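Quick note: the coordinates plus some simple rules give every number you see, no bench work behind them. Computed from a predicted model, the values in this text were never measured in an experiment. In this analysis, Cβ positions are derived from the backbone assuming ideal geometry, glycine residues included, and neighbour counts consider all displayed protein chains.
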Amino acid sequence: MSPSSSSLSPEKPAFPAINFSFAPAWWYHHYGMEFSKSYWQDPIARTERNCDQRRLLFERFGDVGLGEHDPKPQPVAGEAYGHRSAPNPDCLS
């Protein structure tokens with residue numbers, strides 16, 4: 001029995017998205033990337049590295065859907081990365 005065209009469409013993928021990451025040891029072994037203290041404390045360096053990683057994954061594994069040809073910055077900040085923020089008082093109700 002084949003799926004009907006209404007059950008599969010670009011708007012409704014057949015499988016859920018799967019997210020995973022490569023270990024720092026893998027990045028070091030293949031590309032010489034280190035994840036030192038400066039990486040974790042510098043949000044600009046971390047954002048640039050993330051773009052490099054997504055581009056490299058595309059070059060290496062793009063044929064199976066990994067990475068991005070022209071990745072755009074996706075900054076990540078949070079307490080886990082040494083950045084602290086205070087909640088907006090207007091949002092606390």
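Annotation for Arg49 and Phe20: the two label points, set 7 Å from Cα along the Cα-Cβ direction, are 2.2 nm apart. Extending 7 Å from the Cα toward the beta-carbon at both Glu11 and Tyr39 defines two label points whose distance is 4.1 nm. Loop-located GluC sites (Glu not before Pro) in region 28-62 (DSSP state other than H, G, I, E, B) with a sparse environment of at most 16 neighbouring Cβ atoms within 10 Å: Glu34. Summing +1 for each Lys or Arg and -1 for each Asp or Glu among the other residues whose beta-carbon sits under 14 angstrom from that of Arg55 gives -1. How would you classify region 22-80 from its alpha-carbon gyration tensor, with a ≥ b ≥ c the square roots of the eigenvalues: rounded for a/c under 1.5, else prolate if a/b is greater than b/c, otherwise oblate? Cα axes put region 22-80 in the oblate bin.
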